[in-house]
Amino acid sequence: MNQGKRGARSLYCTWRNTSLVVGAALIGMAVWIVAPSVTAYVDAERSLVSVQEYEALLIASRALSAERGPSNVLMSVEVGADPSAVTRLAEARRATDIALSVVDRTRNLPLAPGIVRSLREALGLARDRIDGIAQMPYAERTLDMMTEAIAAMFGIADEIQPTVDLAAETLEKKNPALAGSVFTALIVTNLREQAGRLASYVVPSVSRALPLSPTAAGRVDRTQGRIDQLMQMLGVRLDVSDANLRALMGEVRRLFIGRGVRLIEKLTLEGRAGGHYSIAPAGLTGLYVPTLVPLEDLRKAAIHQMVTDIVRSRDIAFIRLIGMAAATVLLLILLVVVMRRLFLSVLRPLLTAHEMIVGLAEEKPVGRPRFEADTRELNDLFDAIARLEGQLAERRELTERLRVRAETDPLTGLLNRARFLGLGDTRFSAAIADTATADTARADTATADTAVTDTLEAESRIGVLYIDLDGFKTVNDTLGHFAGDQLLRDIAVRLSNAVGPESLLARLGGDEFAICTSAPNAAGLEAFARHILLQFNKPIDINGIPIRVGASIGLALMTDGDEKEAGASSFSQLCCNADIALYDAKRGGRNTYRIFGGAVERPMPERRALAG
């Protein structure tokens, strides 16, 4: 039967393992399908962060360049002459500080260690120099002072420029599709820086009404050449398919090149001609700075185009990811439904049928399942097993009746002689084993524990009582066999109530009964015998006639120690000893008991020989 159970478990384990393998394969396939979408979505998110950080770096570079304009104005006017210039400079410096703080918090930019701290320190020194010049009386200021202060601001822009170039190159490598917009924003930022320098080279001479020095004139020429190169590069890099970028590029050419650069060229010519300028420094700032606005707009548009492209690709990746995930979930749900359906329609009925068959084989019927199988063949199988179970149940019932009839007395319902001897042998063997264990424990334990082992040994001993009714033959002869049978049944009931469930009670035949009970010693067994004799004191009513019968009882006890010669080596011998004691009780006057041993066995050597 265990083989059958192992077969059922093996079938279920095979189905379960197959389900797990199929599920794992589908999950793996789903992961393989979804992984590109996840990667694309994550890359888009990272690209978006990189573009935002790149824009923050460009804003910081532009802020450093834009701070030079109000600085130049403040150094070109008398102390307190232009309060608005002080306000514009404070706002420009605050914008620069905020931009550098944002750059310092970025995580993906390839910033050199300590670059932001170095920029802040250099910027602080340059600002102190500018503030020192602005606080001096105008007459005490010199052209060299202003030139050196402006050069210090140029140095800060030059220090951050390699970081800007490296950030653009890194972003382009990670996202080749964004290369055009990345370098468009970079070129426009460089144009803004060169435009600021172009004006800064002429402002000191204009503010002092001095001729433009050859050095300043050379710097203006080189800067104009650099601006021309950047414009050519911008024309190559610009995405001309975008109408907004084309329009902004037209504004750059119209305002910055057509007005701003031309204004600087005019002032340069006036400076070379002797220093008679047609415009004051404040007026120069007011006219020149608005021409730089298209550059800033073009930079913002390039960044916006990058962000738009990335967001579009991210949204596409997200939609694809959701679709793949939904398809994967539906596929897994379908798998669960199919496997569940297979289990309910095929595997469960087979396992149930297997369990029913195993139950029949082990005589532990399971019963027909309450569910109906999906196929007629499986339902027919359940019906056949149920019919077989009914037939086997009838056979078990018949077998049980035969067993009870073979093991019990048909008149009284007590154990018969064969069953009594079988159960008695079992108890006798157990008692012998307990005695041997107690002897071993007594030999291995200290003297203080001897009493405990003796108690355990005494509790394991058994005794046998053979009971023969006194006067039963007279009742049988006088009142008939029916009355005799009724008398035997009533006595059986009384004895059953007297001995309790732990003892064995049997009818050996005729008017003889036997009891096997626990008996720690002879005194206990004799007390039990007296208790049995008391059951016969009260008359038994048979058809309205009170009948009194007595009983003779023979006792036999498992013994040890000094009485071992009177002991028994088997339960059958113990019963023979009780039978010998019974006959001695009958010779002793009836309605009494005798215990086997000593004087009881000596008067009857022939019975002792038979018992041996």
Revision key, fill the gap. Taking Cα atoms, the helix 348-361 axis meets the longest principal axis of the chain at an angle in degrees (rounded to 10) of 20 degrees
Exercise for review: Would you mind classifying segment 96-232 by shape? Square roots of the alpha carbon gyration tensor eigenvalues, ordered a ≥ b ≥ c; an a/c under 1.5 is rounded, otherwise it is prolate if a/b is larger than b/c and oblate if not.
Suggested key: oblate
Review point. If eta is 0.890 mPa s and T is 25 °C, what Stokes-Einstein diffusion coefficient results for segment 239-299, Kirkwood Rh from Cα pairs, in µm²/s?
Key: 193 µm²/s
Review point. Which whole-angstrom value gives the distance between the alpha carbon centres of segment 114-177 and segment 180-238?
Key: 16 Å
Practice item. Please tell me the relative contact order of the chain in percent, rounded to the nearest whole number, where contacts are Cα pairs under 8 Å and at least six residues apart. Key: 12 percent
Practice item. Could you tell me what percent of the accessible area of the chain is made up of carbon and sulfur, with a 1.4 Å probe and every protein chain present? Key: 58 percent
Point to revise | Global form of segment 148-210, assessed from the alpha-carbon gyration tensor, a/c cut-off 1.5 | key: oblate
Check your understanding: Dipole size in debye (nearest 20) for the chain around its Cα centre, Lys and Arg Cβ +1, Asp and Glu Cβ -1?
Key -> 2080 debye
Check your understanding: Can you give the accessible area per residue of segment 24-93, in Å², using a 1.4 Å probe?
Key -> 43 Å²
Review point. With every protein chain in place, what's the accessible area of Val31 (1.4 Å probe, Å², nearest 10)?
Key: 90 Å²
Point to revise | Which of Leu245, Gly80, Thr478, positive extreme of dipole for the chain (C-beta unit charges) | key: Leu245
Check your understanding: Once the whole set of protein chains is in place, how much accessible area is left on Tyr277, using a 1.4 Å probe, in Å² to the nearest 10?
Key -> 40 Å²
Review point. Can you pull the percent of Cα pairs in the chain with separation above 37 Å?
Key: 67 percent
Practice item. Would you mind checking the tilt of helix 115-135 against the longest principal axis of the Cα atoms of the chain, expressed as 0 to 90 degrees and rounded to 10? Key: 30 degrees
Point to revise | Compactness of segment 467-549 as Cα Rg over 2.2 N^0.38 Å, two decimals | key: 1.15
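The values are calculated or read from the model by the stated rules, or taken from the named source; none is laboratory data. Everything numeric in this text was worked out from a predicted model, so none of it was measured. Counting neighbours? That spans all protein chains shown, and the Cβs are built from the backbone with ideal geometry, glycine included. Quick note on the areas: whole protein, heavy atoms, side chains included, nothing else; ligands and nucleic acids left out. Shrake-Rupley method; radii C 1.70, N 1.55, O 1.52, S 1.80 Å.
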